[in-house]
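Engineer: This structure is in structure tokens; I'll ask about it shortly.
The values are calculated or read from the model by the stated rules, or taken from the named source; none is laboratory data. Worth saying up front: this structure is predicted, and the values here are computed from it rather than measured. Cβ sites come from the backbone with ideal geometry, for glycine too, and all protein chains shown count toward neighbours.
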Amino acid sequence: MTISVTIAVESERTVRKYVIRREVQPKGEGKQPYTKAPRIQRLVTPQRLQHKRHRIALKRRQAEKVKDEAAEYAQVLAKRVAEAKTSKADARKRRASSMRK
């Protein structure tokens, strides 16, 4: 939804003329007062809010996925380290027992 649609202005006309302006008194003497208008910004519409919710949900889902994958990898790594440790200990035992004979 665009600003033009919201305030019912034809598409070829500019919307800047329709914003609320405020008058500013200049500090110097003899200068004419002038008006200031706010910048035209995007409107917060239900569709934009939905897109924002969707982006946040995607981020959250990705963070949870990364966390789960990290935990799974840590388990696999711990298992491999334990296996390597036991195989090293077995090899050490075999070497020690063969030297005694």
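Engineer: Among the residues of the range 33-52, is there at least one that is at pLDDT 95 or above and basic (K, R)? Explain how you work it out, then say what you get.
Structural biologist: Keep residues of the range 33-52 that are at pLDDT 95 or above, which gives 50-52.
Then keep just the ones that are basic (K, R); that gives 52.
The answer is yes, given that some residue of the range 33-52 is at pLDDT 95 or above and basic (K, R).
Engineer: Under 8 Å between Cβ atoms, which residue pairs at least 6 apart in sequence (or on different chains) link something in the range 17-32 that is part of a strand (DSSP E or B) with a partner that is surrounded by 10 or more Cβ atoms within 10 Å (Cβ to Cβ)?
Structural biologist: So the pair list comes out as R22/A37; E23/Y34; V24/Y34.
Engineer: For the range 47-60, indicate whether the set of residues that are at negative phi, surrounded by fewer than 10 Cβ atoms within 10 Å (Cβ to Cβ) and among the hydrophobic types (A, V, I, L, M, F, W, C) is non-empty.
Structural biologist: Checking the range 47-60: not a single residue is at negative phi, surrounded by fewer than 10 Cβ atoms within 10 Å (Cβ to Cβ) and among the hydrophobic types (A, V, I, L, M, F, W, C).
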